[in-house]
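In what follows, a structure is listed as structure tokens, so that the remarks can point back to it.
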Amino acid sequence: MGGTLLDISGVSVAFGGIKALSDVSLGVAPNKVTAVIGPNGAGKTTLFNVVSGFYPANEGAVTFDGVDLLAMPANRRSATGIARTFQNIALFPGMTVAENIKLGAHHLLRTGLLAAAIYLGPARGEERDITRRIDETILPLLDLGEYRDRSVSGLPYGVQKRIELARALVSRPRLLMLDEPFAGMNTNEKARMSQYIARIVAESDLTALLIDHDMDSIMTMSDHIVVLNFGRVIAAGTPEQVQTDPAVIEAYLGEE
Ligand SMILES: Nc1ncnc2c1ncn2[C@@H]1O[C@H](COP(=O)(O)OP(=O)(O)OP(=O)(O)O)[C@@H](O)[C@H]1O
């Protein structure tokens, strides 16, 4: 393992003639925040989609805690301990905050979400455990207790993004993949989101891998940054290292 929870090695992905990723390798260290950045079209989302199983890789290997992920169908990967949030809010507006968060537990419920939703037999005990975890651990961790029984619609954007974080945490992931967690946020919301991500990594024995365009937030909160450009890794290191890397400066200047 060598201190790497997620290991991406030599991954290439092509869409027709477009090489979205070319021989990409990176390691995600446990209990740290790793960020993947890069100009538009650099391949960040494609990389997330390969790890999640939405896109196949043409070449390369991805292992999570030593387990070969590429050999595993997408719907089984979350059971290995990987959770993901998406760029656009995907909450059910008519449901309460607690109900939305509970949906993150669907693969934990052996009896199935439908059975749990209508409180059938054995599902009930499992469902009760999950509700307790939400009430005792997750809502306090993300300061969402006051919203517990409120409908999601009408809640501030920053709160809705926190509900998504909460939903991803219900399954007790070891790796949390965050797709543009700061997108559409104002300065205050970004600062709060950074604090919550740092808090959950520190308090939930969690590793975070995120992609975003917000340089200030990324530079402030990441332990390790990998920079992609045209599908290739052009730099990797601490925020200080990548910020002053000539190849990175060049890639971003070329974007303007
Ligand atoms: N499903 C797809 N079919 C065809 N081409 C795709 C597909 N997904 C991504 N691409 C192409 O792969 C390249 C990398 O795209 P990707 O979305 O991974 O970049 P990104 O770094 O996430 O960009 P952004 O920051 O704009 O979201 C782009 O040229 C894109 O057009």
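The values are calculated or read from the model by the stated rules, or taken from the named source; none is laboratory data. Remember, predicted model here, so these are calculated numbers, not experimental data. All Cβ positions, even for glycine, are placed from backbone atoms using ideal geometry, and neighbour counts span all protein chains on display.
Of all residues in the stretch 29-38, none satisfies being among the β-branched types (Val, Ile, Thr), over 18 Å from Thr207 (Cβ atoms) and touching a strand residue (DSSP E or B) at 6+ places or on another chain (Cβ under 9 Å).
The rows are residues; the columns are (1) more than 23 Å from Glu240 (Cα to Cα); (2) surrounded by fewer than 16 Cβ atoms within 10 Å (Cβ to Cβ); (3) within 19 Å of the chain's Cα centre (by Cα).
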| residue | (1), (2), (3) |
| --- | --- |
| Ser12 | yes, no, no |
| Val28 | no, no, yes |
| Val33 | no, no, yes |
| Val51 | yes, no, yes |
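Looking across the stretch 228-237, just one residue is within 16 Å of the ligand (Cβ to nearest atom) and within 11 Å of Thr34 (Cα to Cα), and that is Ala236. Taking the stretch 148-192 as the range and being part of a strand (DSSP E or B) and under 18 Å from the mean Cα position of the chain (by Cα) as the test, the residues that pass are Leu175, Leu176, Met177, Leu178, Asp179. All of Gly81, Gly43 fail the test of being within 13 Å of the ligand (Cβ to nearest atom), on the phi > 0 side of the Ramachandran plot and either in contact with a Leu (Cβ under 7 Å, 6 or more places away or on another chain) or among the aromatic types (Phe, Trp, Tyr) (or both), apart from Gly43. Exactly one residue out of Ala183, Ala168 is at pLDDT below 95 and in contact with a Ser or Thr (Cβ under 6 Å, 6 or more places away or on another chain), and it is Ala168.
Within the stretch 169-178, does at least one residue satisfy the condition of being more than 21 Å from Ile82 (Cα to Cα) and either touching a helix residue (DSSP H, G or I) at 6+ places or on another chain (Cβ under 6 Å) or surrounded by fewer than 18 Cβ atoms within 10 Å (Cβ to Cβ) (or both)?
Start the filter on the stretch 169-178 by keeping residues that are more than 21 Å from Ile82 (Cα to Cα), which leaves none.
So far as the stretch 169-178 goes, no, none of its residues is more than 21 Å from Ile82 (Cα to Cα) and either touching a helix residue (DSSP H, G or I) at 6+ places or on another chain (Cβ under 6 Å) or surrounded by fewer than 18 Cβ atoms within 10 Å (Cβ to Cβ) (or both).
For the stretch 199-219, filtered to residues that are in a helix (DSSP H, G or I) and in contact with a helix residue (DSSP H, G or I) (Cβ under 6 Å, 6 or more places away or on another chain), the residue that is nearest to the ligand (Cβ to nearest atom) is Ser217. Gly112 falls short on exactly one of the conditions (1) at pLDDT below 90; (2) surrounded by 15 or more Cβ atoms within 10 Å (Cβ to Cβ); (3) more than 16 Å from the ligand (Cβ to nearest atom), and that condition is (2).
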